[in-house]
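Working notes for the structure below.
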Amino acid sequence: MIKIEKEEIIAKEHKKTIVLDFDKEDVEKATDTIEKKLAKEVEIKGFRKGKVPLEEAKKHLSKQQVLSEVVDLLSRKGYDFIVDKYYEENNKETKDFALDFFIENPNVTLNENKDKENISFTYSFELYPEVKIDINDLKNPVKKEDVTDEEIQKKINEQIDTHGSLELKEDGSLEKGDDAVFDFEGSIAGEKFDGGTAKGYELQIGSGHFIPGFEDQMIGMKAGEEKTIKVTFPKEYGAKNLAGKEADFLIKLIEIKKVVKPEYNDEFIKSLNIKDVTNDEQLRQYYKKELEAQKEVTYKNELNNAISQELEKNVKLNYIPETILKQQEEQLNNEFNSTLKQYNIDLEKFLEITKQTKQDIEANFKKEAEQRVKLDFAINQIAKDKDIKLTKEELEEEVKQLKEMYNPDNKPEINKNIDDNIAVIESSIIQKKVYAYLFDLLSKK
């Protein structure tokens, strides 16, 4: 019979210890179980493997191995005993939710017993923090925007501009919006530089594709005209040999092309080939629905981000478990290194580009890790308070979709990897359900 010898909470360390004693009968039963298991592996000449008589096989067993496996078996039974006791004391009928009385599996220590026939263990674990969050305190800072007539008109104008055609401008000067075909030759202090010369270059004036001041100084030129303009390369210009320097560009304007926009009428609308859209009213309704869908996506993203911020701001914890904080910091570090590897950038180069130090990176990890931990505890607490649970069908469907997405060839090793991460998948589904619940709640505020 398992007996609790001592139960103690160390408040300052947020830890709890439980000492369990297994009596002579428990030890004998465990020993018998282990000996029968190990006996099946004993090989003696004259007997087939697994058929050696038990008493004979026992003579060939290592006492140290038997004792080691007995200790392991009893320590696991002790853990199950602690968990069962928790469910019983909290009137929990089923074990279909995460344990919320300790952070991770306890450290187990085999105690020295005066009574050699008994075995005693001390289980030490970090306590689950006290979590408080009132969803009534959560606010919705995101305003859902309606589609305006101006936005619809802008979509129509974009279509008209897109379907415009370029025609040679015989008379007149270069204006903003025109396409200019020109030769140019650039120099700094009288010396030409690489990339500063081109023939027959075509540019839409006002597009902002050239350095500031270049296009503006071309406005008013006529076809066949030559002109020298002065510009200054931006200080942050990509080519360091040009950054911040003044340059002269000799420009010869060859020809001017103007954009001729199509007439907006039913024929133009039909040419867009939009299903069931043949006139202005239908086109405006079409764009209204399209813009509403885009705004709905934006609203959902912004509100979900706001929910995260509201949860982190409003959740109250009596302490943040160091164990979980370190795990999150390690996870962030792994994600960071994976990103560097993906873009083929080493840490030193990244620090040079971002003008940060290793200490800055570590401080950011610590801050973000704390945010993640607080958010996770808030989500778990709301799921518990509002009885938001995961059904067997939801889990099976999610696992099925993950395997279809990441393992279309049905490779056993990938399926096993997914199956081994069921706890993570369960947590992800619960999080989605909590966010859906809060989204519906805050949308009404």
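Suppose the filter is open to solvent by 80 Å² or more (accessible area, probe 1.4 Å) and either modelled with pLDDT of 95 or more or within 22 Å of the chain's Cα centre (by Cα) (or both); does Q342 pass it? Spell out how you get there, then give the answer.
On the way: open to solvent by 80 Å² or more (accessible area, probe 1.4 Å): yes; either modelled with pLDDT of 95 or more or within 22 Å of the chain's Cα centre (by Cα) (or both): yes.
Judged against the criteria, Q342 is a match.
For region 193-216, give me each residue that is under 14 Å from D178 (Cα atoms), part of a strand (DSSP E or B) and among the hydrophobic types (A, V, I, L, M, F, W, C).
Listed by number, the list holds a single entry, L203.
Looking only at region 177-192, which residues are open to solvent by 30 Å² or more (accessible area, probe 1.4 Å), of a type in the set (A, V, I, L, M, F, W, C) and touching a residue at least 12 places away in the same chain (Cβ under 8 Å)?
Hit for region 177-192 is I188, nothing else.
Among the residues in region 17-29, are any within 46 Å of the chain's Cα centre (by Cα), at pLDDT 90 or above and assigned to a helix (DSSP H, G or I)?
So far as region 17-29 goes, no, none of its residues is within 46 Å of the chain's Cα centre (by Cα), at pLDDT 90 or above and assigned to a helix (DSSP H, G or I).
Does F97 meet the test of being open to solvent by less than 80 Å² (accessible area, probe 1.4 Å), hydrophobic (A, V, I, L, M, F, W, C) and modelled with pLDDT under 90?
Yes; evaluated as a whole, the condition is true for this residue.
Every residue in region 54-78 that is open to solvent by 60 Å² or more (accessible area, probe 1.4 Å) and either in contact with a strand residue (DSSP E or B) (Cβ under 8 Å, 6 or more places away or on another chain) or part of a loop (DSSP other than H, G, I, E, B) (or both), please.
K59, H60, K77, listed by residue number.
Which residue pairs have Cβ atoms closer than 7 Å, lie 6 or more positions apart in sequence or on different chains, and pair a first residue in region 329-357 that is farther than 27 Å from E236 by Cβ with a second residue that is assigned to a helix (DSSP H, G or I) and open to solvent by 80 Å² or more (accessible area, probe 1.4 Å)?
Pairs that qualify, where the first residue is farther than 27 Å from E236 by Cβ and the partner is assigned to a helix (DSSP H, G or I) and open to solvent by 80 Å² or more (accessible area, probe 1.4 Å), are E329/K366.
Could you check N380 against (1) open to solvent by less than 70 Å² (accessible area, probe 1.4 Å); (2) modelled with pLDDT under 95; (3) touching a strand residue (DSSP E or B) at 6+ places or on another chain (Cβ under 8 Å) and say which number it fails?
In the conditions (1) open to solvent by less than 70 Å² (accessible area, probe 1.4 Å); (2) modelled with pLDDT under 95; (3) touching a strand residue (DSSP E or B) at 6+ places or on another chain (Cβ under 8 Å), N380 misses (1) alone.
Can you pull out the residues in region 275-298 that are of a type in the set (S, T, N, Q) and under 21 Å from K144 (Cβ atoms)?
Those that are of a type in the set (S, T, N, Q) and under 21 Å from K144 (Cβ atoms): Q285, Q294, T298.
The values are calculated or read from the model by the stated rules, or taken from the named source; none is laboratory data. This structure is a prediction, so every number in the text was calculated from the model and none was measured. With ideal geometry, Cβ positions are generated from the backbone for all residues, glycine too; neighbour counts draw on all protein chains shown. The accessibility values were calculated without ligands, DNA or RNA, using every heavy atom of the protein model including side chains. Shrake-Rupley method; radii C 1.70, N 1.55, O 1.52, S 1.80 Å.
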